[in-house]
Amino acid sequence: MALASLIQGTKAAMVVPFTLVNEIAEAATAAGGAQGAAGNGAVEGQKPSGPPSLAFWQNRSISLVDMYLDQGDPSEKCGELNFGLEYDFATQTLKLKINQGRDLKACDANGLSDPYVRVTLLPDKKHRLETKIKRRTLNPRWNETFFFEGFPINKLQSRVLHLHCYDYDRFSKDDSIGEIHLPLCQVDFTAKPTYWRPLYPPVKMKLGELLVSLTYLPAKNTLTIGVLKARNLKAKDINGKSDPYVKVWLMFGEKRVEKKKTPIYKCNLNPIFNASFEFDVPWEQIRDCALQVQVMDFDTVGRNELIGKLLLQSKNGSGPSETKQWQDMIAKPRQSIVVWHRLKPGD
């Protein structure tokens, strides 16, 4: 691959009828892909429909897109980057212009950062390019352009643009501010799009995500949670895998009342649980209870380890999406509310 750089100085819940758990999971996955194609952040000048070959590449790259979609919780946002893309079909060259950042996370004691951006085209991690360092600012302006030469369009659309913003430290390891993944099969290169995209904590610092459905049936006083599937779980074992299972506790205040759990899935970071658990909760108490969800790694020898957890309740859940899902469940009884949640660390 020939690379050259030229530096110029200038989260929603889905409402579906309650049905079989695996059907819910399929519907949620399909909807998630559609939302991801729209992207997080505004796109200037991008056409509503993709390039003619987009459908083909969406089918071909479904796992790649699913892995790298920016689906971070707004509460985890670390700032935004503004960048533009162009593709020269005649010379098979991708042009990337990194314009500016805003509201970046402060990493230094003075409340500022010394940001720069590292650029790679995944899965290739060996060849990387970097912007200049901008000193003592949370709103840097780079206006730098990079060229990736020798990329036929079909090869380019199998890559993921990775922008990783760092804070430069002279005497220690540079701190990560946040990163962006953009699957290039989603980009309409004929539109020369410009993006504002949110930065989120690096994937290696993430614990994974869990797809959960909630349903309440007032006539039966039944609260049902569907533990559908997980993705990109953090590896806890020496083989680079985990043996995940999920524990669900019904809670009233700090008191644990009833526990359910899924089977264990060996050596799997993307397990499909398709488990459904029912709890008896009177309507008048539905706002006072909570569901504590823990994704665990099973160990034959030693103590089982926590991978990540969620707290689902009407107020003060473990995140905004967790609280909203509970509130939507109350507002729409007898319907299943399906949401992907980012797992949170233990205390």
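Data for the structure
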| read-out | value |
| --- | --- |
| Residue match in region 306-329 (condition: out of contact with any Phe, Trp or Tyr (no Cβ under 6 Å at 6 or more places or on another chain), surrounded by fewer than 17 Cβ atoms within 10 Å (Cβ to Cβ) and under 22 Å from Ala275 (Cβ atoms)) | no |
| Single unsatisfied condition, Val301 versus (1) within 30 Å of Gly240 (Cβ to Cβ); (2) touching a helix residue (DSSP H, G or I) at 6+ places or on another chain (Cβ under 8 Å); (3) surrounded by fewer than 16 Cβ atoms within 10 Å (Cβ to Cβ) | (2) |
| Members of region 330-347 found to be surrounded by 15 or more Cβ atoms within 10 Å (Cβ to Cβ) and either in contact with a Cys (Cβ under 7 Å, 6 or more places away or on another chain) or under 15 Å from Val295 (Cα atoms) (or both), listed by number | Trp340, His341, Arg342, Leu343, Lys344 |
| Residue that is nearest to Pro183 (Cα to Cα) [pool: residues in region 105-120 that are of a type in the set (A, V, I, L, M) and at pLDDT below 95] | Ala106 |
| Qualifying strands (runs of 3 or more DSSP E) (wholly inside region 133-199; at least 1 residues being within 21 Å of Ala90 (Cβ to Cβ) and more than 22 Å from the chain's Cα centre (by Cα)) | 141-149 |
| Complete set of residues in region 122-132 that are part of a strand (DSSP E or B) and either in contact with a Gly (Cβ under 6 Å, 6 or more places away or on another chain) or at pLDDT below 95 (or both) | Leu122 |
| Unmet criterion (only one of (1) touching a Ser or Thr at 6+ places or on another chain (Cβ under 7 Å); (2) charged (D, E, K, R); (3) assigned to a helix (DSSP H, G or I)) for Arg287 | (3) |
| Complete set of residues in region 188-221 that are among the aliphatic types (A, V, I, L, M) and either touching a Pro at 6+ places or on another chain (Cβ under 8 Å) or surrounded by fewer than 21 Cβ atoms within 10 Å (Cβ to Cβ) (or both) | Ala191, Val203, Met205, Leu207, Leu217, Ala219 |
| Candidates Gln294, Gln325 - the one that is in the same structural domain as Thr222 (by TED's automatic domain parsing), within 20 Å of the chain's Cα centre (by Cα) and outside any strand (DSSP E or B) | Gln325 |
| Boolean, Arg159 is crowded, with 21+ Cβ neighbours inside 10 Å and basic (Lys, Arg) | yes |
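The values are calculated or read from the model by the stated rules, or taken from the named source; none is laboratory data. Note that this is a predicted model, so its numbers are computed, not measured. We place every Cβ from the backbone using ideal geometry, glycine too, and count neighbours over all the protein chains shown.
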